[in-house]
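Single-structure report; data block below.
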Amino acid sequence: MENLLPKNVLGTPGRTVVAGAAALILATILLLVYLSHYRNSVKTSNAAATVLVAKTFTPKGTTADEMAKKNLFEVTSIPKDQLKEGAVTDAAVLHGQVALDDIYPGQQLTITDFGVSATASRLSAAPDLQGEGPKAGTWRAISLSFDASNGIIPQAQTDDRVDVYQFINGVMALYMPNVLILAAPNQVATNTAAPTSANYILRVPSSQFSKFAYLSESGKMWFALRPQKGAKPPKQQIITAGNVLAAR
């Protein structure tokens, strides 16, 4: 008997089954991909991170070097998602600084908990390279590379003074005020015949040399050019992504 059904109707149930199976396979693949990404995100959030944590109460004004000598903090592993902003993972970052507030047992150490000591600030404000004052002979020269915006090139010149700001681990803060530029890029230092350099040569206290070097390699630094006369001390502001708008 001749089949009177249209030819395009034949095989429709088969195509429907194939399409349904393909959709099921695609849905299964998408589900597996989603589960894989979810597991990876969970592993990432739960990954361990190291941080310095206070072992005992430490009063305001205690130097980080003293804390290290007395073993007042320890390296601890915690879930990465519990890491505080600006958390310190290397004690070398705190060299030469002091606690700005009391620190309590179990507290994660962050770079906002510490600042430059008053002694270092006085050294930075001394009148000349000879270090006239209580810390004579403690100055050092350090060569640092800046781009045109961070270093205010070419406006910041030899013998100008700048406030140096640091950005590291998501935190921006004043690091040291009133720093003398011994030689600006491609300029000769005053009273010398030394060759010029493409870098800034800054005068820094010897106690802060390693910190400047560390920030140059591991963070970012900015200059704020000071007036030649009548410059007032800048206020310290700790700026993070969480308070940048509130600090305006």
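Heavy atoms of the protein only, probe of 1.4 Å, neighbouring chains included. What is the accessible area of Thr112 in Å², nearest 10?
Probe radius 1.4 Å; accessible area of Thr112 about 40 Å².
With a sphere of radius 13 Å drawn around the Cβ of Asp90, what net charge do the other residues whose Cβ falls strictly inside it have (Lys, Arg +1; Asp, Glu -1)?
Neighbour charge sum, excluding Asp90 itself: 0.
Give, as a single signed number, the net charge of other residues whose beta carbon lies under 11 Å from the beta carbon of Asp101, with Lys and Arg counted +1 and Asp and Glu -1.
Here the count lands on -1.
Determine the order of Tyr175, Tyr214, Tyr34 by accessible area, beginning with the largest, at a probe radius of 1.4 Å.
Numbers: Tyr175 10, Tyr214 65, Tyr34 140 Å².
Reading off the accessible areas and sorting them downward yields Tyr34, Tyr214, Tyr175.
Sort Ile78, Ile103 from largest to smallest accessible area, using a 1.4 Å probe on the heavy atoms of the protein chains.
Of Ile78, Ile103, the descending order of accessible area is Ile78, Ile103.
Report the FRET efficiency, 1/(1 + (r/R0)^6), for Ala27 and Gln228, where r is their Cβ-Cβ distance and R0 is 41 Å, rounded to 0.05.
0.05
The values are calculated or read from the model by the stated rules, or taken from the named source; none is laboratory data. These numbers come from a predicted model, not from an experiment. Methodologically, a virtual Cβ is constructed for each residue, glycine included, from the backbone with ideal geometry; neighbour enumeration extends over all protein chains shown. The protein model used for the area step is the full one, side chains on, heavy atoms only, and it has no ligands, DNA or RNA in it. Shrake-Rupley method; radii C 1.70, N 1.55, O 1.52, S 1.80 Å.
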